[in-house]
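Chemist: Before I ask anything, let me first share the structure, which is written out below as structure tokens.
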Amino acid sequence: MRVYRVKDYDEMSKKAATILAAQIVSGPEKALGLATGSTPAGAYRYLCKWYQEGILDFSEIRTMNLDEYRGISREDSQSYYYFMKENLFGHVNIKEENTFIPDGEREDADAVCREYEALIQSTGGVGLQLLGLGRNGHIGFNEPSDSFIKECHCVSLALSTIEANKRFFENAEDVPRQAYTMGIGTIMSAEKILLLASGEEKADALSRMLGGPITPRVPASILQLHRDVTVIADEAALSKI
């Protein structure tokens with residue numbers, strides 16, 4: 001595991017974008033695993049900028065997103081489909097048919113998870129998976145639990161996750177209570193993993209992820225066992241290391 005200490009969010013974002021850009025250029029035949037939220041948004045801005053400058057080409061890239069809220073339409077401004085369109089897909093030359101996100105509108109949760117897992121495997125898996133880090137140590141929406149869930153599944157969100165995400169909604173009651181997420185096994189099957197962490201509120205989770213025991217109570221701790229993980233974190237996030 002490689003850990004890069006950077007000064008702040010912008011430096012983290014630029015370094016992450018450089019790694020993502022290298023993957024886009026060198027490994028377009030493998031899907032790029034993407035994440036949502038405020039953590040990767042800065043990296044996406046750099047990727048859009050470099051595309052507009054003629055440095056990057058997304059025309060042959062396939063993407064697989066980590067997760068999506070359950071019971072939310074694509075057109076909803078809080079859906080992760082909408083987030084990706086606003087922050088990346090709508091600003092580069094990626095083909096819409098090459099972008100994949102769990103279907104949050106379907107009622108049959110088992111079918112959504114089963115089909116998304118099969119889709120990931122049928123396309124040859126993920127070359128590089130981008131991750132953020134939850135305050136409680138979650139990756140994707142794999143919340144602290146008694147076991148690591150291997151494949152794509154529907155999860156009930158922890159109260160701490162709802163609390164963290166309510167800033168994107170008018171009030172906490174509007175935050176969906178369930179989400180679809182890649183499982184721990186699916187994430188671990190990626191050839192490379194890039195995890196980003198910024199801010200003092202991530203310091204405890206990052207400390208437990210890097211130096212604590214491997215436990216499903218801290219889902220990100222499983223990354224200690226992956227063969228190729230890069231962590232980019234700013235000084236605030238690394239303040240407890």
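Chemist: How many times 2.2 N^0.38 Å is the alpha carbon radius of gyration of the range 1-116?
Modeler: Normalised Rg, Cα atoms only: 1.11.
Chemist: Rounded to the nearest angstrom and ordered from largest down, what semi-axes does the equivalent ellipsoid of the chain get from its C-alpha gyration tensor (root of 5λ)?
Modeler: The three semi-axes for the chain are 23, 22, 18 Å.
Chemist: Moving on. Longer than 21 Å from Cα to Cα, which of Lys15/Lys95; Lys7/Lys240; Lys49/Lys202 are they? Say none if no pair is.
Modeler: Violating the 21 Å limit, Cα to Cα: Lys15/Lys95; Lys49/Lys202.
Chemist: What do you reckon, how do Asp10, Asp228 stack up by accessible area (1.4 Å probe), largest on top?
Modeler: My answer, sorted largest first, is Asp10, Asp228.
Chemist: Give the ranking of Tyr51, Tyr69 by solvent-accessible surface, highest area first, calculated with a 1.4 Å probe.
Modeler: Tyr51, Tyr69
Chemist: Would you mind counting up the charge near Asn93? Only other residues with Cβ under 15 Å from its Cβ, with Lys and Arg at +1 and Asp and Glu at -1.
Modeler: -1
Chemist: Right, something else. Are there cysteines in the chain with no other Cys C-beta under 4.7 Å, and if so, which?
Modeler: Cys48, Cys154
Chemist: For the range 160-241, build the convex hull from the C-alpha positions and give me its volume per residue in Å³.
Modeler: Spread over its residues, the Cα hull of the range 160-241 gives 111 Å³ apiece.
Chemist: Please give the solvent-accessible surface of Glu107 in Å², to the nearest 10, using a probe radius of 1.4 Å with every protein chain present.
Modeler: Looks like 150 Å² after rounding.
Chemist: Tyr81: accessible area at probe 1.4 Å, nearest 10 Å²?
Modeler: 40 Å²
Chemist: As a check on your grasp of the helix formula, calculate [θ] at 222 nm for the chain: sum -39500 (n - 2.57) over DSSP H runs of n ≥ 4, divide by the residue count, round to the nearest 500.
Modeler: -9500 deg cm²/dmol
Chemist: Still on this structure, please answer the following. Hey, if you drop one equal point scatterer on each alpha-carbon of the range 50-93 and run the Debye formula without solvent, what base-10 log of I(q)/I(0) do you get at q = 0.14, 0.24 Å⁻¹?
Modeler: Computed log10 I(q)/I(0) values: -0.40, -0.87.
The values are calculated or read from the model by the stated rules, or taken from the named source; none is laboratory data. Everything numeric in this text was worked out from a predicted model, so none of it was measured. Every residue, glycine as well, gets a Cβ built from its backbone with ideal geometry; the counts of neighbours run over all protein chains shown. In case anyone asks, the SASA skips ligands and DNA or RNA and just uses the protein heavy atoms, side chains included. Shrake-Rupley method; radii C 1.70, N 1.55, O 1.52, S 1.80 Å.
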